[in-house]
Each structure stands twice: as structure tokens, then as C-alpha cells.
């Protein structure tokens, strides 16, 4: 079962702004886009989750450790707000489970045989390229 973490709304800064792009009068008049900021270091998330979030190479995480999400695909502010929170929770839950530790294994007998055979063939090919003294 996957652990799910819900980010508390009290730890998120939300501001409404006008959406960009085409859309006519509605876009020009209504502040329906949502700009969501979540500061990872100051949050109540578990320490290991914070470390994994800060280690992510994601363009939405800035140098200060804040996740910045902009949602503007819907006409209504409430739908954009819901979408922004869903994206934030999805990002946080993507690192909620610790990565599996890798256990070293030995190569199989067949893979060793194939490797040696390819080396033999390569060696023969190279030997045929040499100067022939007749």
C-alpha cells in the first residue's frame, strides 16, 4: 500500500492572478489563475520526504526550496485551485515511499558465456585485419 501524504492548506500560500494566453474577455477581466507556493524546509512533512523532495531535479522547485505551481487551465478559480493542490500532493507523494535498495547479484552462467563468445568473435575479427605476410 502506498503511503499518501496530504499537504495541509495552512502551509501553502495561494494567490490569484490573471491567466495568460488566449481566452477573450474572461481572461482579461477575471483573476482565475492560481499561483501556489509551498516552502519545503518550513513544512510539517517528515524529514526523509523533505530531503527527497529537495533532491528532485524539478523545475517547479526553486533554490530556496519552495515548490511553485501555476494552474490556469480552467475558467474557474476554484477548479484551478483544486488542480494546483492535486499537482502539489502528486509531487509530494511521488517521493513519499523511500527508493528500494539495490542488492548486487552475480551474472548468470548464460550471460557470462555470451560475453566470452562475443569477445572471441571480436578478437577473430581484429586478427583478420592484421598484415598478412605470405
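The values are calculated or read from the model by the stated rules, or taken from the named source; none is laboratory data. For clarity, every value in this text was computed on a predicted model and none was experimentally measured. Here Cβ is always computed from backbone atoms with ideal geometry, including for glycine, and neighbour counts include all displayed protein chains.
Quick look at the values:
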quantity	calculated
Index of the failed condition, residue 81 passing every other in (1) modelled with pLDDT under 90; (2) more than 18 Å from the chain's Cα centre (by Cα); (3) surrounded by 12 or more Cβ atoms within 10 Å (Cβ to Cβ)	(1)
Test: residue 125 is exposed (fewer than 10 other Cβ atoms within 10 Å of the Cβ), without any contact (Cβ under 8 Å) to a residue 24 or more places away in the chain and not in a helix (DSSP H, G or I)	no
Test: residue in the stretch 109-120 that is in contact with a strand residue (DSSP E or B) (Cβ under 7 Å, 6 or more places away or on another chain) and surrounded by 11 or more Cβ atoms within 10 Å (Cβ to Cβ)	no
Filtered residue count, the stretch 76-108, keeping only those that are farther than 14 Å from residue 9 by Cβ and either in contact with a strand residue (DSSP E or B) (Cβ under 6 Å, 6 or more places away or on another chain) or assigned to a helix (DSSP H, G or I) (or both)	9
